[in-house]
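The structure under discussion appears below in the form of structure tokens.
What follows is calculated from the coordinates using simple rules that are stated; it is not laboratory data. The shown structure was predicted, so the numbers you read here are calculated from the model rather than taken from an experiment. Cβ sites come from the backbone with ideal geometry, for glycine too, and all protein chains shown count toward neighbours.
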Amino acid sequence: MPSSTVPVFMPDNEPYLGRPLLVLFDRTITQAMAIHRQLGARTFATDLTAIQIAAVEIIPQGISIALSMRELIRQAYLFSAGILMRPLIERTGMIYYLHGNAAAVTAWNDGWPRKSQPTFDNLLDLVMGPGSDEEREAARTVLHKLVHSDPRSASFNATVRSDGLLASASGKELNEPIKADTISALATNCLDKLTKISVVLLGAPSENIH
């Protein structure tokens, strides 16, 4: 892994360069940005439906979060990237929830009270799909604890020093490939889902998009 004395990593020397799940994340970003550039232009050329208005409010936020996670991975700030997993899931799940619940779209555009919105568990299920109760509970707990000052968040901030001792990272984490893989996989899943729902709601892009 690169030296921890490197102040800013570039695309050619970032610490997790070449990890298969990070490569997939990068490819998903490239495709997503190409599609959304084209779809975004359409939103200025036509009157939008209620669900489309919600989409152009929610989806760009999700994309921005995913791109922020990518830059944090590049600089090896994995704890901060991990904290962003929950808000990314919330936005991805929300647009899918609204797409499947017409009455909720009206509530959203009217300034939906937070307490009447779907629970995080509902949104997590929409993003992650079916799984065991144990897997769902483990994911929910980690994502919840990460955004709060909680002892259980310490495990995600733990890193192994060069002498083998465990420490709480306050900066770059250069030797945590599994952590980087986990963040990359979740962000890729959400970004892919955001792109697919954009195509459904705003129309398919031209065939020259690769």
(message) Taking the beta-carbon count within 10 Å as an exposure proxy, list Glu90, Glu71 from fewest neighbours to most.
(response) Glu71, Glu90
(request) Could you check which residue among Arg140, Arg86, Arg161 shows the biggest mean-square fluctuation in a GNM of the chain with a 10 Å Cα cutoff? (result) Arg161
(message) Can you return the lysines within cross-link range of Lys179? Criterion is Cα-Cα under 29 Å, with same-chain partners fewer than 8 residues away left out.
(response) Lys145, Lys193, Lys196
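Give me the dipole magnitude in Debye, nearest 20, for region 83-210 about the Cα centre, with unit charges on the beta carbon: positive for Lys and Arg, negative for Asp and Glu. Working shown, then result.
On the way: 13 positive and 15 negative charges, 71 e Å.
Dipole size: approximately 340 debye.
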(request) Could you check which residue among Leu165, Leu21, Leu98 shows the biggest mean-square fluctuation in a GNM of the chain with a 10 Å Cα cutoff? (result) Leu165
(message) Given a 10 angstrom Cα cut-off, can you work out which residue in Leu22, Leu126, Leu166 is the most mobile in a GNM of the chain?
(response) Leu166
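Given +1 on the Cβ of Lys and Arg, -1 on the Cβ of Asp and Glu, and no further charges, what dipole in debye does region 1-104 carry about its Cα centre, rounded to the nearest 20?
120 debye
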(message) Positive end of the dipole of the chain, charges at C-beta (+1 Lys, Arg; -1 Asp, Glu), about the Cα centre: which of Leu174, Trp108, Pro20 has its Cα farthest in that direction?
(response) Trp108
